[in-house]
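See below for the structure under consideration.
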Amino acid sequence: MRPALGRLGWLALGGVGGFVVLALGAAAGLWAQAWDVPVGRPYMSPGTGAWLGTDALGYDLWAQAVQGARVSLVAGGGGALGAVTVGGVLGAWAGLRGGWTDRLLSGATDAFAAVPPVVALLAVALALGPGVATVVLAIAATQWTGVFRAARAEGQRLRAADYYRAAQAMGAGTLHQIGWHVVPALRPVLLSALVVLFAHAVKVEALLAYLGASAPELPSWGKLLARSGSELARGVWWPTLAASAPLALLVLCAQVLADRSRRAVE
């Protein structure tokens, strides 16, 4: 996969890695002061006292931005990993088993895919209450259908192979076949889907945070954007910049990496 990523793909991977380092440093208290402690006057413009300025309560926007990176990475990474796991296991199970199992799971997947994603996301978020875990579960529960179809197709192909029939004759179960045959065959596709879903999940987390469904006790980019709308109309532009710039950069890096990784497995 390394040559196929190209220079741009590796730059994008480095960008995502930089956000990971930033988030880990924020968790360890290396890059910023406490985000919920006033550091100056309200609406201080960006400068040496506060790199990205302060908000309406005098809180440091830089500290909130780097803490928001933690929320986005955890929600995006956890949600994408959950969606790939759910879709991969259910799809492989349907493809290998065939019969009524395949028809039942495929029908349920088609019905679920027909529901508008925003409606499904909000339904899960409202049912579970706001929080990072809710965002992870909402993303995992609504983004797995594409992975299901890819894993189902590989399971169907494997079901016709002679070595699968031989393994069945020796008593190997469906879970054994998924772990030993389907997952290795699908590894490039699953890794590509993981990157694609991560880029999408970061945007979903920002949307849910904007609507108030993310963690109420933690800063996030979507929450900053929701608060900064009225401030922007008064000429206070730096809260919007503190939220939108890192969000756009992370999504751009993730989408470039997703595009390059998709090409690498084609």
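Quick notes on this structure:
- GNM result for the chain, Cα springs below 10 Å: residue of 153, 125, 209 fluctuating most strongly: 153
- Sequence of 260, 187 from largest to smallest accessible area, 1.4 Å probe: 187, 260
- Near the amide H of residue 60, within less than 5 Å, lie the amide hydrogens of 37, 39, all on another chain or at least 5 residues away, with H placed in the peptide plane.
- Label-point gap, in nm, between residue 133 and residue 232 - each point 7 angstrom along Cα→Cβ: 3.4 nm
- Computed helical MRE - 222 nm, the chain, DSSP H runs ≥ 4 contributing -39500 (n - 2.57), nearest 500: -25000 deg cm²/dmol
- Between the listed residues 18, 37, 143, the Cα displaced farthest toward the positive end of the dipole of the chain, a dipole computed from Cβ unit charges relative to the Cα centre, is found at 143.
- The chain - percent of accessible surface contributed by carbon and sulfur, probe 1.4 Å: 67 percent
- Electrostatic dipole magnitude of the chain [Cβ: Lys, Arg +1; Asp, Glu -1; Cα centre; debye, to 20]: 660 debye
- Heavy-atom accessible area with a 1.4 Å probe sorts 203, 223, largest first, into 203, 223.
- What the chain shows is 49 Å² of accessible area per residue, with the surface traced by a 1.4 Å probe over protein heavy atoms.
- Listed options for Rg and Dmax of the Cα atoms in Å are (1) 22.5, 71; (2) 21.6, 74; (3) 17.8, 59. The value calculated from this structure is the one marked (2).
- Residue 244 exposes around 40 Å² of accessible area when a 1.4 Å probe is run over every protein chain in place.
- Cβ-based net charge around residue 68, under 14 Å, with every Lys or Arg adding one and every Asp or Glu removing one: -1
- A Cβ-based charge dipole, computed about the Cα centre of the stretch 89-246 with Lys and Arg at +1 and Asp and Glu at -1, lands at about 240 debye.
The values are calculated or read from the model by the stated rules, or taken from the named source; none is laboratory data. Everything numeric here is computed off the predicted structure, so don't read it as measured data. Because the Cβ atoms are built from the backbone with ideal geometry, glycine has one as well, and the counts that use them run over all protein chains shown. These accessible areas exclude ligands, DNA and RNA; they are computed on the full protein's heavy atoms, side chains included. Shrake-Rupley method; radii C 1.70, N 1.55, O 1.52, S 1.80 Å.
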